[in-house]
1. Failed condition for A:P85, given (1) in contact with a helix residue (DSSP H, G or I) (Cβ under 9 Å, 6 or more places away or on another chain); (2) away from chain B (no Cβ under 14 Å), with all others met?
2. Out of (1) more than 11 Å from the chain's Cα centre (by Cα); (2) within 14 Å of chain A (Cβ to nearest Cβ), what's the single condition that is false for B:Y60?
3. Pairs, please: C-beta under 6 Å, at least 6 apart or cross-chain, first residue more than 7 Å from chain B (Cβ to nearest Cβ) and in the range A:8-21, second in a loop (DSSP other than H, G, I, E, B)?
4. For the list (1) closer than 28 Å to B:S20 by Cβ; (2) basic (K, R); (3) more than 10 Å from chain B (Cβ to nearest Cβ), I need the number of the one condition that A:K5 fails.
5. Between a first residue in the range B:4-18 that is at the interface with chain A (Cβ under 7 Å from one of its Cβ atoms) and under 15 Å from B:L71 (Cα atoms) and a second residue that is small (G, A, S) and surrounded by 20 or more Cβ atoms within 10 Å (Cβ to Cβ), which pairs have beta carbons less than 7 Å apart while being 6 or more apart in sequence or on different chains?
6. Can you find a residue in the range B:90-108 that is hydroxyl-bearing (S, T, Y) and within 11 Å of chain A (Cβ to nearest Cβ)?
7. I'm trying to understand the selection: among the residues of the range A:47-81, which are among the small types (G, A, S) and modelled with pLDDT of 85 or more?
8. In the range B:4-22, which residues are buried (at least 20 other Cβ atoms within 10 Å of the Cβ) and not in a strand (DSSP E or B)?
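The values are calculated or read from the model by the stated rules, or taken from the named source; none is laboratory data. It should be emphasised that the depicted structure is a prediction, and the values quoted were computed from it without experimental measurement. As a convention, Cβ positions derive from the backbone with ideal geometry for all residues, glycine included, and neighbour counts pool all protein chains shown.
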Amino acid sequence: MVNIKTVTIVGTEPVAVYEDFDSYWRDQVARATEPRKSKLIRLKQHWDWGAVCFAQSVDLPPPCLANVIFLFGSPEKTYIELNKPKVKELLSNPDNIVTLQLKKTAPGKNAIIALVHTQEETEIFITQIYLPMDATELFKE
Amino acid sequence: MVNIQSIVHITNSGHHAFNSFPEYWNYALARSSPRHREKLKKFKQVSDLFSDGIAEKYGYKKEQTKNVSFLFGRLSQGNKKLEDVFIRELVFSLEHQVILEIKETDYGTHVVVTVHRENDFEILSTVVTKPFEIKPQSEQ
């Protein structure tokens, strides 16, 4: 599993900080009403399955890349990134700690800032994307 | 006060997230040995003087510059960086939300500062060894 620790939602006052990805996700689902709640659940299932496929395609055990699609916002972008050896190494190493900052930068446009803290350094991934409709729903209040 | 909204503190043994600077600072003091705690308190005093000096030098209100030294780790580095008007406007605007991520490693301390403006953001990154070298009592 990609070692996502904190998730920070920026733009609210104060910002919302979650201490791990699961608590962030549970809160998103708990606060959602139908039909968004069902969409979120389906989206997560879709992304969980995608992560298993990506792990197989880059020769990693399936759990290694759980939640990876969330970092890059879409399966397409994730596929491109995971084919970079350095990205694969950074994200599949459970000793590395990943933190996320989520920010709406324009209507329909979201930035995901992922910091990967390794023992020696910090790598910064920034995804500025127009998310597909389902994913955009994630960022709505 | 620099609008620090969140501090994520990462060590080899775990991580903590804080929603305000005072919350983080109390944690830092609590997990330090008495000797190190005194060092931190002294650093804070110097840091506050530094912040006031920066406010006076560049014509900001004192509340705007408070805690700015924690963004750059070392006062000398902060002093140098703040010569740049772009950096000053970035960190001293109270409308900008500042997120601080501090990672302690065996090699030093890495501070990543993300400043969020309304519609975009800037990342300032720096490596320091002090004053963030806060060791828990058991490791002293």
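1. (1) is the only condition that A:P85 fails.
2. The number of the failed condition is (2).
3. A:F21/A:N67
4. (3)
5. Pairs found: B:S6/B:A17; B:V8/B:A17.
6. Yes, there is a match, as at least one residue in the range B:90-108 is hydroxyl-bearing (S, T, Y) and within 11 Å of chain A (Cβ to nearest Cβ).
7. A:G50, A:A51, A:A55, A:S57, A:A66
8. B:F21 - this is the single residue of the range B:4-22 that is buried (at least 20 other Cβ atoms within 10 Å of the Cβ) and not in a strand (DSSP E or B).
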